[in-house]
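One structure is given here, and the rest of the page talks about it.
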Amino acid sequence: MHTRRIGDVEVSAIGLGAMPMSIEGRPDEERSLATIHAALDAGVTLIDTADAYHRDADEVGHNESLIAKALASHDRGGDVLVATKGGHLRPGDGSWTLDGSPRHLKAACEESLRRLGVEAIGLYQFHRPDPRVPYAESVGAIRDLLDEGKIRMAGISNANPEQIRQAGEILGGRLVSVQNQFSPAFRSSEPELRLCDELGIAFLPWSPLGGISKAGGLGSGHAPFARIAEAHGVSPQRVCLAWMLAKSPVVVPIPGASRPETIRDSLAAADLTLTAEELAELDAA
């Protein structure tokens, strides 16, 4: 498995996004555990989660607990950087709400520590800006958690360039990651990706395969991904992730998966080399 860096930690070039294993339409626990174990067997050392990745109101942290169980039952579980998040909530009716208050973030971190069964969280990220709370206050809470040793590294999610720079200042240069939506169909985070490249901060695209249909093809307007995939004899998903990896050495995609075969295919993207012409065509798609 090829590697990249988040802060001072070396991780697999592609991580596992675990959200699909805990929200609506999730598989049974046996298949979820098999999926996580397949990722570990293939060399994954980064798993992305959040306390809000659950379906029902009474199961906050379902995904964190699932990951803790999977890691504890695998001999490579101790090698994994678990990245979790706080500041987003799910009332249980399918909606998402926000609470970026320092009080909530600090309490949420304590609960994540308990569920993950660790003394310090490897990477803790502020999940999404809360318009009711000054951004500096929310990131200040993350700084406090870092200073207290509750978390080893700090990141932010769903942030714009101004917020990235502000967070870097508040954290005293210790911002190590930005997790934003980025896919063939959603490219508005290009400025954030470029800024992360400039600053040497890891950029974690969430929902990186969002522009690819469940049937394995591509949505309208993304035919080049399917055509290039056919030329290489691989899936469009693999081409999509290889394209992202080629954008910058700070990019670490975290494709979601709920089946062992899905994450195995995604991980193979690290071994796929696209030509300059192919990359240019995909950039323009």
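Please compute the contact order of region 1-130 in relative form: average sequence separation of alpha-carbon pairs under 8 Å and at least six residues apart, divided by the residue count, as a percent. Normalised by residue count, the contact order of region 1-130 is 22 percent.
Summary of the geometry: region 49-120 and region 25-45, compared by the centres of their Cα atoms, lie 17 Å apart. Shape class of region 136-274 from the Cα gyration tensor (axes a ≥ b ≥ c, square roots of the eigenvalues): prolate, since a/c reaches 1.5 or more and a/b is larger than b/c.
How much accessible area does Val176 have with a 1.4 Å probe, in Å² rounded to the nearest 10? Rounded to the nearest 10, the figure is 20 Å².
Loop-located GluC sites (Glu not before Pro) in region 81-166 (DSSP state other than H, G, I, E, B) with a sparse environment of at most 11 neighbouring Cβ atoms within 10 Å: Glu119, Glu148. Just checking the listed ones, Leu175, Leu272, Leu105: in the Gaussian network model of the chain with Cα springs under 10 Å, the one fluctuating most is Leu272. Quick check on region 114-270: of the DSSP beta bridges with both residues there, what percent are antiparallel, nearest 5%? Restricted to region 114-270, the bridges split so that about 10 percent are antiparallel. If you take all other residues with their beta carbon under 10 Å from the beta carbon of His127, and give Lys and Arg +1 and Asp and Glu -1, the sum is -1. For the chain, the share of DSSP beta bridges that are antiparallel, to the nearest 5, is 25%. Averaging the Cα positions of each part gives two centres, and for region 122-147 and region 159-180 these lie 10 Å apart. The apolar share of the surface of the chain, taken as the fraction of accessible area on carbon and sulfur atoms (1.4 Å probe, ligands and nucleic acids excluded), comes to 49 percent. Taking the chain as the region of interest, the number of lysine pairs whose Cα atoms are within less than 21 Å, with members eight or more places apart or on different chains, is 5. Remark: the chain carries 42 Å² of accessible area per residue (probe radius 1.4 Å; ligands, DNA and RNA excluded). If you plug the beta carbon distance of Arg114 and Glu162 into 1/(1 + (r/R0)^6) with R0 = 35 Å, you get a FRET efficiency near 0.55. The solvent-accessible area of Trp96, taken with every protein chain present and a 1.4 Å probe, is close to 100 Å². Computed from backbone phi, the HN-Hα couplings of region 172-178 come to x, x, 9, 6, 10, 8, 10 Hz, rounded to whole numbers (Karplus: 6.51 cos²θ - 1.76 cosθ + 1.60, θ = phi - 60°; Gly and Pro given as x). Using a probe of 1.4 Å on the protein chains alone, the accessible area found for Tyr135 is around 30 Å². Springs join every pair of Cα atoms under 10 Å in this Gaussian network model of the chain, and among Gly140, Gly78, Gly15 the largest mean-square fluctuation is at Gly78. Protein-only accessible surface at a 1.4 angstrom probe places the residues Met1, Met153, Met19 in the order Met1, Met19, Met153, largest first. Sorting Thr273, Thr262 on solvent-accessible area from highest to lowest, probe radius 1.4 Å, gives Thr273, Thr262.
Taking Cβ atoms as reference points and 15 Å as the exclusive limit, the residues near Glu111 contribute a net charge of 0, counting Lys and Arg as +1 and Asp and Glu as -1.
The order of the peptides 26-35, 4-13 by mean Cβ neighbours within 10 Å, most packed first, is 4-13, 26-35.
Result for the chain in a Gaussian network model with C-alpha springs under 10 Å: among Ser266, Ser73, Ser183, the largest mean-square fluctuation is at Ser73.
The values are calculated or read from the model by the stated rules, or taken from the named source; none is laboratory data. On a predicted model such as this, the values are computed, not experimentally measured, just so you know. Positions of Cβ are generated from backbone atoms using ideal geometry, with glycine treated the same way; all protein chains shown enter the neighbour counts. Remember, those area values only see protein heavy atoms, side chains included, never the ligands or the DNA or RNA. Shrake-Rupley method; radii C 1.70, N 1.55, O 1.52, S 1.80 Å.
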